[in-house]
Amino acid sequence: MRLKVKKINFETGHMKDVVLNYLDAAKLDKKAGERVIIKNVESKNLDEKYWVAIIQISHSDNIVAPGELGVFVDTLNDIKNLRAESEVSVKPANPPDSYQYIKEKIAGKKLRTEDINDIVNDAVSGLLSRIELSSFITSVSIHGMSNREMKALTLAEAKSGEAFDFGPNVYDKHST
């Protein structure tokens, strides 16, 4: 489905959510909180050509009319070559594998290191919704984590960001 980008003057905190009109959402057979793949037809850069977004649904044509894709202002700033009035292609997307791992943790199962890495990577890249992340945190609170799971989570979180290099002459008095 091809839609025209409409700028929505709200910020999401850099969550890659988009807004579909309820008629377009019905054509895609998608509900709020589900995912779509967006293809930025004008982009030459592969990293910005395709991206996955969590959809919100508007029941007001004043917010997003049929044939429009509402994109929040911070997302427009983050994704180069995406601008208001440009045309994008929107297709349904399946949940990432990490969604299944979260369901396993909810059921009280232990997660492998690879599962935890996938959850953290998908969380950082915006592929998991806030509800899915909350479900993971709640399941960890209820079922706890083994030492191996906690180590895997800590290392995955550390790798997901930027590490500071304080140089060779930095010491921690607690490390002895």
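The values are calculated or read from the model by the stated rules, or taken from the named source; none is laboratory data. Given the structure is predicted, the values throughout are model-derived calculations rather than measurements. Here the Cβ is made from the backbone with ideal geometry for all residues, glycine too, and neighbour counts use every protein chain on show.
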Checklist entry - Could you say whether any residue in the stretch 93-110 is assigned to a strand (DSSP E or B) and either at pLDDT below 95 or more than 15 Å from the chain's Cα centre (by Cα) (or both)? => result yes
Checklist entry - Which one of these does THR113 not meet: (1) at pLDDT 95 or above; (2) over 22 Å from GLU149 (Cα atoms); (3) not basic (Lys, Arg)? => result (2)
Checklist entry - In the stretch 92-112, which residue that is among the basic types (Lys, Arg) and under 19 Å from LEU128 (Cβ atoms) is surrounded by the most Cβ atoms within 10 Å (Cβ to Cβ)? => result LYS105
Checklist outcome for this item: Expected single match for surrounded by 17 or more Cβ atoms within 10 Å (Cβ to Cβ), within 27 Å of ALA156 (Cα to Cα), touching a residue at least 60 places away in the same chain (Cβ under 8 Å) and of a type in the set (A, V, I, L, M, F, W, C) among VAL120, VAL71, VAL52, VAL36 is VAL52
Item to check | Subset of the stretch 74-92 [closer than 15 Å to LYS44 by Cβ and assigned to a loop (DSSP other than H, G, I, E, B)] | outcome: ILE79, LYS80, ASN81, LEU82, ARG83, SER86
Checklist entry - Tally time: how many residues in the stretch 43-68 are within 17 Å of GLU87 (Cα to Cα), among the charged types (D, E, K, R) and either at pLDDT below 80 or not in a strand (DSSP E or B) (or both)? => result 3
Checklist entry - If you check VAL88 against the conditions, is it in the same structural domain as ASP24 (by TED's automatic domain parsing) and either among the hydrophobic types (A, V, I, L, M, F, W, C) or surrounded by 15 or more Cβ atoms within 10 Å (Cβ to Cβ) (or both)? => result yes
Checklist outcome for this item: Quick count over the stretch 135-156, residues being in contact (Cβ under 8 Å) with a residue 12 or more places away in the chain, in a helix (DSSP H, G or I) and among the small types (Gly, Ala, Ser), is 4
Checklist entry - Which residue out of ASP115, ASP122, ASP97 is of a type outside the set (A, V, I, L, M, F, W, C) and over 19 Å from TYR50 (Cα atoms)? => result ASP115
Item to check | Residue that is nearest to VAL18 (Cα to Cα) [pool: residues in the stretch 125-176 that are loosely packed, with under 13 Cβ neighbours inside 10 Å and of a type in the set (Phe, Trp, Tyr)] | outcome: PHE164
